[in-house]
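The values are calculated or read from the model by the stated rules, or taken from the named source; none is laboratory data. What you are looking at is a predicted structure, and each value in this text was computed from that prediction instead of being measured. Here the Cβ positions follow ideal geometry from the backbone for every residue, glycine too, while neighbour counts run over all protein chains shown.
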Amino acid sequence: MKYLFRKEFRLPFLVFALLIAGIFSALFWIASIILGIVKISWDSFRKIRERNYSLDYIALLAMVVSLFAEQYLAGAVVALMITGGEALEEYASARAEGALRGLAERIPKSCTMRLSDGKTAVKPIQDVASGETIIVKKNEIIPLDGTLLSDKALLNEANLTGEALPVSYARGMFIKSGSINAGETLDIAVEGGFETSTYMRIVHLVDEARNHKARIVRLAEKVNFPFTLVALGLALGAYFFSGELSRALAVLVIATPCPLIIAAPVAFIGGLSRAARRNIIVKRPVTLEELARTNVVFFDKTGTLTLGEISLKKIENMHASESEEKLLAIASAIEFHSIHPLARAVSTANSSRGAAMLEARNVREITGEGISGDVENRRYTITKANSSESGIVLSLLEGKREIARFHFEDEIKENVGKLFRALNARGITIKMLTGDKKENAERLFGKFGISILAECTPESKYLAIDDAKKEGQIVAMVGDGLNDAPAFAHANVGIVFSGTENSASIEAAGVVILGRDVMLIEELFESATRSVRIAGQSIWGGVGLSSVGMVFAAFGFIPPIWGALTQEVIDVAVILNSLRASSRT
């Protein structure tokens, strides 16, 4: 109920109340029609001032005609649809702005500063100047860009790149805001300020994309203006040649544009219902039209096409006297003491293979270098492999001698190949935008023959979509993280897998998929294509029937009262056909 009292819902709620009250007196229906006419006239005036001449001519005409034809109930329904539709659009915009504010609010409001005398102080983030030193504790977000003053840092950059594996930094390296400190407390020398920081650029990109997003042209608008001209021409012609106002009135009554106003929304809402049964939430019905026209789909990699969970793929035994199981057990005993994602992958592999459970003592982990421990009275170290091989490789050393290598890889989700084939069959080009390295992405997805743009930042993803749109492509973006939010907002349609529970990316996208099965994307495109096809059938079928009826009315074969009944029969036929969009087949 709280939504009814929002500012944007006050007018449609009043129109709805008048529509219900009209059961007792037609004066209430007349009042609701007048409100609708005033609303659409004011909106049209504003659009014309902005040199936008794509107006709801047919809806305005319908309400005016309903007054003359005394079809007050039909006019009241049109008024409700007009005011209610605009209210929903305003509400969606308000939600998007709220999400944008929430995105910005994730940045801390203040920073802990290290002063020149060694003491600390808290300072508002907007007041921190370039060159000052800030302190970032473990698990805190990096609030500002800067240079690392500490010896080493381990950062989770999933917010920026979408890659879950932490990245090591050394003293003097540049650190971007938005990363999360996964290691010990850091000292960072600030470069730039709050408004120029990497994280705030993500916020601004989302805002810019929303402010410049092209207006979606509704399917019915293609028919609206010419249909209105034809109706007016027939009505004027009937009156001019017969001298009977009733003939003109009959034409206009039959021309009441319910097939145009109702057909597409009913079909699209049916498509939304069909998608929702498959745990696919499409926020706005018009999104289905854009999906049906989409010819390029950009995919994020990690968490979207892959599971986003690093797993051990191969153990390279470089010490013949030990079995793979023993080497894995040694590594697992040491990694048990670490929270690094690769450590979890080693422990998981050890458990799944049923290897022995050994105990490690005197374990010492150095951020960015590796972890060491004593197992069965021998000293072992696990560190990043010094190898030219692509992918993620760790070395197990006994003393200084390398005895094994562990190869890790993210896993491709089931049915990815099937999805790519299905989209290609629809004539859709597939491209990948990933924050991962080119060789890693190529190793996993090179066999599919898709275009891969690697080491992407949120800005480069945004620009890749911008370039495609400038070429006239209709673009969909599929992803799952905060780093995809600008791309979601700038694409014609953003599609997010909600497993990350990232409210900012969910709000920036137009479609939310509540599940991890990639074939739900094909289900989404099928629902969109079917809905648009049925909406088109209903619109053109309704226009055709109405046009035939108008011709008969113009020659005096259909009086006004029978014209109204004819129009209602056409409405019912159109609605029944549009309802097929919600069916399972």
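Among the residues of the stretch 445-463, is there at least one that is more than 21 Å from the chain's Cα centre (by Cα) and closer than 30 Å to Ile330 by Cβ? Looking through the stretch 445-463, none of the residues is more than 21 Å from the chain's Cα centre (by Cα) and closer than 30 Å to Ile330 by Cβ.
Arg114 falls short on exactly one of the conditions (1) on the phi < 0 side of the Ramachandran plot; (2) surrounded by fewer than 17 Cβ atoms within 10 Å (Cβ to Cβ), and that condition is (2). The set of residues in the stretch 326-346 that are aliphatic (A, V, I, L, M) and touching a helix residue (DSSP H, G or I) at 6+ places or on another chain (Cβ under 9 Å) comprises Leu328, Ala329, Ala331, Ala333, Ile334, Leu342, Ala343, Ala345, Val346.
Within the stretch 332-371, the only residue that satisfies the criterion of being at pLDDT below 80 and acidic (Asp, Glu) is Glu369. Filtering the stretch 13-27 to residues that are part of a helix (DSSP H, G or I) and in contact (Cβ under 8 Å) with a residue 24 or more places away in the chain leaves Val15, Phe16, Leu18, Leu19, Ala26.
Each row is one residue, and each column tells you yes or no for (1) assigned to a helix (DSSP H, G or I); (2) over 23 Å from Asp374 (Cβ atoms); (3) at pLDDT 80 or above.
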position: Ala292; (1), (2), (3): yes, yes, yes
position: Thr304; (1), (2), (3): no, yes, yes
position: Lys326; (1), (2), (3): yes, no, yes
position: Ile330; (1), (2), (3): yes, no, yes
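Per the conditions (1) in contact with a strand residue (DSSP E or B) (Cβ under 9 Å, 6 or more places away or on another chain); (2) assigned to a loop (DSSP other than H, G, I, E, B); (3) surrounded by 13 or more Cβ atoms within 10 Å (Cβ to Cβ), the sole criterion not satisfied by Ala355 is (1). Residues of the stretch 309-321 that are at pLDDT below 80 and either surrounded by 17 or more Cβ atoms within 10 Å (Cβ to Cβ) or among the β-branched types (Val, Ile, Thr) (or both): Ile310 alone.
Per this entry, Phe13 is not counted among residues that are surrounded by 14 or more Cβ atoms within 10 Å (Cβ to Cβ) and at pLDDT 85 or above. Within the stretch 347-382, the set of residues being aliphatic (A, V, I, L, M) and within 19 Å of Glu324 (Cα to Cα) comprises Ala349, Ala355, Ala356, Met357, Leu358, Ala360, Val375, Ile382. When Ser338 is tested against (1) out of contact with any Leu (no Cβ under 8 Å at 6 or more places or on another chain); (2) over 25 Å from Glu157 (Cβ atoms), just one condition goes unmet, and that condition is (2). Selection within the stretch 413-467: residues that are of a type in the set (Phe, Trp, Tyr) and touching a helix residue (DSSP H, G or I) at 6+ places or on another chain (Cβ under 6 Å). The member of this set that is surrounded by the most Cβ atoms within 10 Å (Cβ to Cβ) is Tyr462. Taking first residues from the stretch 334-361 that are closer than 17 Å to Arg378 by Cα and without any contact (Cβ under 8 Å) to a residue 40 or more places away in the chain and partners that are surrounded by fewer than 14 Cβ atoms within 10 Å (Cβ to Cβ) and among the small types (Gly, Ala, Ser), no Cβ contact under 7 Å between residues at least 6 apart in sequence or on separate chains turns up. Taking first residues from the stretch 35-47 that are more than 15 Å from Leu18 (Cα to Cα) and partners that are of a type in the set (Gly, Ala, Ser) and loosely packed, with under 14 Cβ neighbours inside 10 Å, the Cβ contacts under 9 Å between residues at least 6 apart in sequence or on separate chains come to Lys47/Ser54.
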